[in-house]
Structures are given as structure tokens and as C-alpha cells.
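The next block holds one structure in the form of C-alpha cells; read it before the comments.
Readers should treat all values here as calculations from the given coordinates under stated rules, not as data from a laboratory. Bear in mind the structure is a predicted one, so any value in this text is a computation, not a measurement. Glycine gets a Cβ as well: all are built from the backbone with ideal geometry, and neighbour counts include every protein chain shown.
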Amino acid sequence: MKYYNLLNLGTKKLKRKLINNPGLDSEILLSNVLNCDREKILINLDKIATIQQQKKFFLDIKQRENNQPIAQIIGKKEFWKHNFVINKNVLIPRPETEVIVEKILGKINRFSKKKILDIGTGSGCILISILLERRNCTGTALDLSKEALKIAKTNAKIQHIQNRIKFVNSDIDKYFHNKYDFIVSNPPYIKKNFIRNLDEDVKKFEPSVALDGGLTGYSKICKVIKKSWELLKVKGNLFIEIDSHQSIKTKKMLNLNGFYVNEICKDLSGKDRCIISTKI
């Protein structure tokens with residue numbers, strides 16, 4: 001079967017299931033099966049796929065019909081400047097989270113030797129992206145999930161920086177080591193009773209522990225703020241991701257817990273996404 005026919009059939013199947021962007025998803029899945037760029041497929045639409053490639057493509061299309069995220073099907077997601085291995089045990093990296101990387105890189109001189117803690121590291125995409133551009137810095141990747149840490153370790157090895165990261169399997173409440181120059185965190189911040197309203201591909205396939213922010217959406221944010229004050233050096237910075245409606249209350253929590261708020265950062269959609277604060 002020609003590439004053109006595969007894309008056409010895949011798009012039709014996804015469209016019938018009301019999947020968003022069915023054409024793009026078909027292209028991405030076929031690109032992964034053929035191990036080539038989408039652009040190469042589009043200029044070789046008359047080329048014929050092998051039987052094995054066709055079977056794999058339609059198997060992946062079936063998974064997408066069931067709302068499984070593209071990133072989980074192909075096992076990777078681009079973030080900042082690199083592809084990161086992901087699976088069902090980690091939150092899929094989002095473009096809006098890149099604002100944290102951008103802002104912290106702006107705070108660290110290229111030749112500085114800084115210690116960075118990533119609370120709830122997941123795939124490790126934030127910390128690894130930072131360390132790849134600041135070669136003299138070191139980091140600690142903290143996560144409650146052993147399975148998530150396995151993925152973070154895999155990504156660090158792929159980028160050859162595993163020796164600059166300490167991986168810690170622990171709840172933040174039970175972590176008492178070191179003093180850090182910077183702490184970054186993308187904590188769970190969705191209200192527990194709102195999770196059921198999320199898109200199918202999120203609520204069915206992404207780890208609830210990485211989404212559930214408790215009854216108010218602030219329980220994990222509060223925990224990160226309080227513990228960060230203990231773990232940061234004086235005048236150290238905390239970079240924390242939030243939902244767009246949480247900036248005012250989070251700012252108050254930071255002020256009450258010994259932090260000065262430097263900046264509320266917006267993502268590419270113009271929504272409040274990250275708060276930078278300094279330990280007083």
C-alpha cells in the first residue's frame with residue numbers, strides 16, 4: 001500500500017472517532033513507523049510501505065482511535081530542543097512548561113556552577129534541558145514514582161549527563177539534604193474533582209499522581225513552597241509552574257512563606273504559567 005493510501009485511511013479512521021488533527025496525527029504515526037521525517041513522506045507519497053510497516057501503522061492508528069496520546073504511542077515527545085523518552089508513568093511534556101527553562105537559563109551565567117533541584121521531575125525534561133545548556137551546573141531529580149525516575153535516568157543517559165544528576169526516589173516531605181541555588185517544579189495543580197472533565201487522552205492515559213492537586217488544586221503547590229524554603233540557599237530562586245488562574249493565590253502563599261515574588265511569567269498563549277520567587 002502506498003504512503004498516500006495509508007495516510008488517507010488513517011485520517012479517515014481518526015476523523016470518524018472525532019480525534020483532533022487526524023491528518024497530522026496520521027502523518028506523525030506513519031513517520032514514526034517508517035523512521036523518517038514527515039516531509040520525506042510527503043514528497044514520496046507513491047512509495048509503497050512493507051506489509052510489516054502497514055500492520056504497525058494500523059495498530060498505532062487503533063491506539064490513537066482509543067484516545068491514547070500520540071507521544072505515548074511513539075514513546076517520545078519533543079521539549080525545548082530535544083526529544084525525551086516518555087511512557088504512561090510520566091506526564092507528557094507540554095510546550096507551556098518551556099517558559100521555566102527559558103527563565104532559569106536567563107538567571108544562570110554560562111560558566112556558573114549552580115546546584116538545581118527538580119521537584120517531581122517526571123521525565124526529567126526540565127532539569128535535563130537546563131543542564132544541557134549550563135555545563136557547569138549539577139542537579140537533583142526528585143520524584144515519588146520509581147517508574148518515573150527510570151524514565152528520567154534513561155533520558156539523562158541518552159544525553160550523556162547522568163553523572164551530573166542525582167536521582168532521588170522520595171516524597172518531598174522526607175527529603176532533607178543539601179542547599180540549592182535554584183529549585184524548579186511543575187507540581188500537580190488540577191482540582192481533584194475537575195480531573196474527570198479533562199480530555200480523554202489526559203485523564204485516561206496520563207498518571208493521576210502528576211495531575212491531582214487535591215481538593216483545591218493547591219495542596220502540592222503549598223507543599224513545594226514550604227519545603228523549598230528549607231532547601232534553598234538565602235536569595236535562592238524557586239521557579240514553580242501553575243495553572244493560569246492560580247497566580248494571585250500562589251503569590252500570597254509565597255509571601256507568607258518567606259519568599260519575594262520577582263515575576264509572574266506568561267506562556268506563549270499569554271496565560272500566567274510560572275512564578276519566579278526569591279527566598280528572603
Exercise. When only residues in region 35-54 that are touching a residue at least 24 places away in the same chain (Cβ under 8 Å) and assigned to a helix (DSSP H, G or I) count, which is surrounded by the fewest Cβ atoms within 10 Å (Cβ to Cβ)?
Worked result: Q54
Exercise. Restricting attention to region 128-149, which residues are surrounded by 24 or more Cβ atoms within 10 Å (Cβ to Cβ) and under 16 Å from H177 (Cβ atoms)?
Worked result: G139, A141, L142, D143
Seminar exercise, completed: Checked K252, K235 against criteria (loosely packed, with under 13 Cβ neighbours inside 10 Å and in a helix (DSSP H, G or I)); the one match is K252
Problem set entry | Number of the condition not met by T121 [criteria: (1) touching an Asp or Glu at 6+ places or on another chain (Cβ under 6 Å); (2) farther than 23 Å from L232 by Cα] | (2)
Seminar exercise, completed: Flagged in region 202-211 as over 12 Å from V90 (Cβ atoms), within 15 Å of the chain's Cα centre (by Cα) and of a type outside the set (A, V, I, L, M, F, W, C), in numbering order, are S208
For this session: Working only within region 184-200, note down all residues that are buried (at least 17 other Cβ atoms within 10 Å of the Cβ) and in contact with a helix residue (DSSP H, G or I) (Cβ under 7 Å, 6 or more places away or on another chain).
Result: V184, S185, N186, P187, P188, Y189
Exercise. Which is free of Cβ contacts under 8 Å to residues at least 60 places away in the same chain, farther than 30 Å from E133 by Cβ, in contact with a helix residue (DSSP H, G or I) (Cβ under 8 Å, 6 or more places away or on another chain) and among the β-branched types (V, I, T), of I19, I74?
Worked result: I19
Seminar exercise, completed: Of the residues in region 158-183, those that are more than 17 Å from S228 (Cα to Cα) and exposed (fewer than 13 other Cβ atoms within 10 Å of the Cβ) come to H160, N163
